[in-house]
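Student: Below you'll find the structure I mean.
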């Protein structure tokens, strides 16, 4: 058991007096929080909290152990800060490749302003989630929906996408194009295993709009743009600057947006999380 | 890969978080995928309710054939059974149990639960040593709480709020600490008791097995065993992104295998065939290595 993480759960519930508010503060859902408290109580073999319909209160044992839990957490934070100074490596930030280059840069800048030096890794959502769970990343911007298990995460940020189509395609010449008009083109999408649930949601969104989806794999915007320019496929991009000869950008109502969440394993600094969400909401490409 | 690793990979591929326990009835080999973690039961709670009912019949506390008059008012909403009927009906306690199990009738189950009593269900679970399992109420209670927590005027609106992919709902119905909960291991133990006649009289257990075997849904456990030679008896549970089924898979001449699968999908959408199907796939990955072959 990760004792520090579980103690952080305990302190949050004790201070908030309420599971829902504590889960909100920790940025995790209530089920992993209450399971974590149960595991901690089992591990320590003592009941820490009494639950009732109004909220939560400390048992005498819980009240006795709370200051010690706070002390351990403070020491751990100090240790991490000190280690960071020695290692010279900063915050390890992961970013999903479908996030535009400009937004990725804005995320790195925002993280750096809060937490010092930043090391950015670009990798598909499933790999970012594994890296967070293994402690190889501190925080990551991942696609939603994804199975996050016990990781914490913030709300869903929805980024609108444009549809890229070959200039010669009839949909490019229509005043109000629809998804269904893309019929006959392949759809350039990253491999499903990069984010299975999010991938399925994109495909189902297109199919529900009457566009049968034949997927051609494109791991990122660069690969997708190439396929569109070659006349082979349509693609969705969250990058408002992405363009190439023989490629037309269309705004299509109902096009699947890019849904993102900021996720973490160890309790993340709320200022860092807020800064990352603010960077996601910047119009990418806007100089700031 | 070990069977447990294969099961985990199947869950990930389907976009769900999953918990599983499988054990050959009368054997000791098992497949365990977080089988002792608390999970949300949803309508799987109707299985302990069924066992408590047949036990009460055994004790002479209820006449299973007594006619029960059921007016329309006060029926719990649901997609099947009495929940969708428009007129008053009269039927026996054991037929209420049949609707509760075979079509997961929410209205019938709540009537049966009120008669059997929540205390009796939980006392039975405690007596059987199923300490990871706790039933806090019927479907009516869960739906009332859910409406309050998402601020919806009715059940339809509450489920619509849960089904959005642009938000992450945080409701008690998804929290094992706040709703009826169990573990995958507890449910295979209860099923093994029903199959071995140890949790009620042989006649009572036979009745329970018959109802579980008559369950109509083919899209979860059954879909994992599309063989004429296999019979699958089970009970599903569904609420929002939660999809479960616990059951017993039997091949003629072999030792039956109990399997419990609990999932929560990453996607909020109400119809996810992949999330249903992986329950069968995961069960097959776990059950196949536990099969005894012809005895």
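Bear in mind that the values in this text are calculations on the coordinates, not laboratory data. Everything numeric in this text was worked out from a predicted model, so none of it was measured. Every residue, glycine among them, receives a Cβ derived from its backbone with ideal geometry; neighbour counts consider all protein chains shown.
Student: Among B:217, B:19, what is the fewest-to-most ranking by other Cβ atoms within 10 Å?
Tutor: B:217, B:19
Student: Let me ask something additional. Please compute the average number of Cβ atoms from other chains found within 10 Å of each residue's Cβ in peptide A:191-200.
Tutor: 4
Student: Also, quick follow-up: Give me a single rounded figure for B:268-277: the average over its residues of other chain Cβ atoms within 10 Å of their Cβ.
Tutor: On the way: counts 3, 5, 0, 1, 4, 1, 3, 2, 0, 0.
Rounded to a whole number, the mean comes out at 2.
Student: At 222 nm, what value in deg cm²/dmol follows for chain B if DSSP H runs of at least 4 each add -39500 (n - 2.57) and the sum is divided by all its residues, to the nearest 500?
Tutor: Calculated from helices alone, the mean residue ellipticity at 222 nm is -12000 deg cm²/dmol.
Student: Which angle from 0 to 90°, rounded to the nearest 10, does the C-alpha axis of helix A:101-115 make with the longest principal axis of chain A?
Tutor: Compared with the principal axis, the helix lies near 20 degrees.
Student: Rounded to a whole number, what is D in µm²/s for segment B:145-295 from Stokes-Einstein with the Kirkwood radius over alpha-carbon pairs (37 °C, 0.692 mPa s)?
Tutor: Once the numbers are plugged in, D ends up at 195 µm²/s.
Student: From Cα pairs below 8 angstrom and at least 6 apart in sequence, can you work out the relative contact order of chain A, rounded to a whole percent?
Tutor: Relative contact order of chain A: 22 percent.
Student: Please work out the ratio of the alpha-carbon Rg of chain B to 2.2 N^0.38 Å and round it to two decimals. Mind dumping the intermediate values first?
Tutor: Numbers: Rg = 18.2 Å, N = 295, 2.2 N^0.38 = 19.1 Å.
Compactness ratio reported: 0.96.
Student: Using alpha carbons only, how many degrees (0 to 90, rounded to 10) separate the axis of helix A:30-44 from the longest principal axis of chain A?
Tutor: Helix A:30-44 sits at roughly 30 degrees to that axis.
Student: Using the 10 angstrom Cβ neighbour count as an exposure proxy, how do B:46, A:38 rank, fewest first?
Tutor: A:38, B:46
Student: When only Cα pairs under 8 Å and 6 or more residues apart are kept, what is the percent relative contact order across segment A:161-256? If you can, show how the numbers build up before the last one.
Tutor: Working: 175 pairs, mean separation 47.8, N = 96.
So the answer I get is 50 percent.
Student: If I histogram all Cα-Cα distances within segment B:191-257 using bins 10 Å wide from 0, what percent of pairs lands in each bin?
Tutor: 20, 50, 27, 3
Student: Using only DSSP helix segments of four residues or longer, with each worth -39500 (n - 2.57), what per-residue ellipticity at 222 nm results for chain A after dividing by its residue count and rounding to 500? Numbers along the way, then the final one.
Tutor: On the way: 9 runs with 123 residues, N = 288.
Theoretical 222 nm ellipticity from helices: -13500 deg cm²/dmol.
Student: Over segment B:1-80, one equal point on each Cα, no solvent: what is log10 I(q)/I(0) by the Debye formula at q = 0.17 Å⁻¹?
Tutor: The computed values of log10 I(q)/I(0) come out as -0.93.
Student: Ok, one more. Debye sum, Cα scatterers, chain A, no solvent: what log₁₀ I/I(0) at q = 0.07, 0.11, 0.13 1/Å?
Tutor: With no solvent term, the Cα-only Debye profile gives -0.34, -0.72, -0.90.
Student: Also, quick follow-up: Taking only the alpha carbons of segment A:203-270, what extent do you get along each of the three principal axes, in Å, biggest first?
Tutor: Extents along the principal axes, in whole Å: 46, 29, 22.
Student: Now a separate question. Residue by residue through A:17-29, how many Cβ atoms from other chains fall within 10 Å of the Cβ on average?
Tutor: 2
Student: If I model segment A:161-256 as equal point scatterers sitting on the Cα atoms and use the Debye formula, what is log10 I(q)/I(0) at q = 0.20 Å⁻¹?
Tutor: Per q value, in the given order, log10 I(q)/I(0) is -0.92.
Student: A further question on this structure: Output the relative contact order of chain B, whole-number percent, from Cα pairs under 8 angstrom with separation of 6+ residues.
Tutor: That works out to 27 percent.
Student: Antiparallel versus total DSSP beta bridges in chain A: what percent is that, nearest 5?
Tutor: Numbers: 20 of 34 bridges.
Approximately 60 percent, going by the DSSP bridge assignments.
Student: Moving on. What does segment A:126-183 give for Rg and for Dmax, in Å, if only its C-alpha atoms count?
Tutor: Rg then Dmax for segment A:126-183, in Å: 18.3, 49.
Student: Then there's this: Given Cα positions, please report Rg to Rh for the protein assembly as shown, the hydrodynamic radius being the Kirkwood one.
Tutor: In the protein assembly as shown, Rg relative to Rh is 1.00.
Student: Please report, in Å, the Rg and the Dmax of segment A:3-85, where both are computed over Cα atoms only.
Tutor: My reading of the Cα-based Rg and Dmax gives 13.0, 46 Å.
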